[in-house]
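Have a look at the structure below, then the notes.
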């Protein structure tokens, strides 16, 4: 049914495609200006709407930059927040609504870096350089944001939803077609299924610098704020769970839970960046209470991003009395990790030459 209605959106997709092509040409020929910032800029973006693994990739880059002894900054638009303008991300009970879930997640994972949100990436970058003295900046979801010059453009692609067989918005999910990959320094094909033929993806994307990865579960962190602890995913064994998520691809998260051996009794799927309400939590906990007599070791499980948003709806009262936990994910390299590291080191080296 959805595919049927999408056919009526094809004219609008054509219009969208033309507008994007004209905009890109204006940047390519210098009619629109990309502004140079005084420090290395690493952009992590994608071609399509929905989850492709940008946040795990940003975590990997930040960790690698910290190993080089650099003062790192992370700048996002702050998608889904209620606030506007430049804001430095700080620990706040309503952080998800003030800063956006990705920014809150990054600030919690890396308390030693500077994390800010700003719709105007240039103004935000300048403030972070001036106020926080950052030496390198990671831009979130910025492949289409061409106003700011970047040293590395990394494009994340979901291997389970390849863009070469998709259409531009609104009939499809593409912000840009695969032709735009020509301006990317590096393409990372993420969520690679087991046993995949890497050469097939290389041929379909026709890019000279492609790395391959998948997002894996690394830690299960329980919600209890006063006595928070974590375990390894394998320690859950075949435990029954009620799962919920508000991601770009909830189905894949649920599939990963089942592949790790968990038994999903009930799943709740919400829209990407969903704003949780008290009613949502009542629905989830009601399902828990209904099921737990038959399944005494039942638990509720979600994603780290959803946990960041849940803090905005009185989480300690609503959920911490239940056995609730979130899954922490990290990027696992299948092939091409050295290519990523080499690209980062080269950008840092080239920037030092530029500033001499």
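The values are calculated or read from the model by the stated rules, or taken from the named source; none is laboratory data. If you're wondering where the values come from, they're calculated on a predicted model, not measured in any experiment. Every residue, glycine as well, gets a Cβ built from its backbone with ideal geometry; the counts of neighbours run over all protein chains shown.
Numbers below:
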{"quantity": "Single unsatisfied condition, residue 130 versus (1) more than 21 Å from residue 276 (Cα to Cα); (2) at pLDDT below 95", "calculated": "(2)"}
{"quantity": "Boolean, residue 37 is surrounded by 12 or more Cβ atoms within 10 Å (Cβ to Cβ), in the same structural domain as residue 140 (by TED's automatic domain parsing), assigned to a strand (DSSP E or B) and touching a helix residue (DSSP H, G or I) at 6+ places or on another chain (Cβ under 8 Å)", "calculated": "no"}
{"quantity": "Number of the exception - residue 95 against (1) within 30 Å of residue 160 (Cα to Cα); (2) under 18 Å from the mean Cα position of the chain (by Cα)", "calculated": "(1)"}
{"quantity": "Hey, residue 80 within 14 Å of the chain's Cα centre (by Cα), modelled with pLDDT under 95 and in the same structural domain as residue 159 (by TED's automatic domain parsing) or not", "calculated": "yes"}
{"quantity": "Residue 74 vs. criteria surrounded by 12 or more Cβ atoms within 10 Å (Cβ to Cβ), under 21 Å from the mean Cα position of the chain (by Cα) and closer than 18 Å to residue 122 by Cβ", "calculated": "yes"}
{"quantity": "3 or more residues over 26 Å from residue 60 (Cα atoms) and either modelled with pLDDT of 95 or more or touching a helix residue (DSSP H, G or I) at 6+ places or on another chain (Cβ under 9 Å) (or both): qualifying strands (runs of 3 or more DSSP E) within the stretch 181-283", "calculated": "240-245, 263-269"}
{"quantity": "Some residue of the stretch 88-95 being in a strand (DSSP E or B) and surrounded by fewer than 19 Cβ atoms within 10 Å (Cβ to Cβ)", "calculated": "yes"}
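Let's see how each residue does on (1) in contact (Cβ under 8 Å) with a residue 24 or more places away in the chain; (2) at positive phi:
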| site | (1), (2) |
| --- | --- |
| 69 | no, yes |
| 72 | yes, no |
| 84 | yes, no |
| 100 | yes, yes |
| 112 | yes, no |
| 116 | yes, no |
| 127 | yes, no |
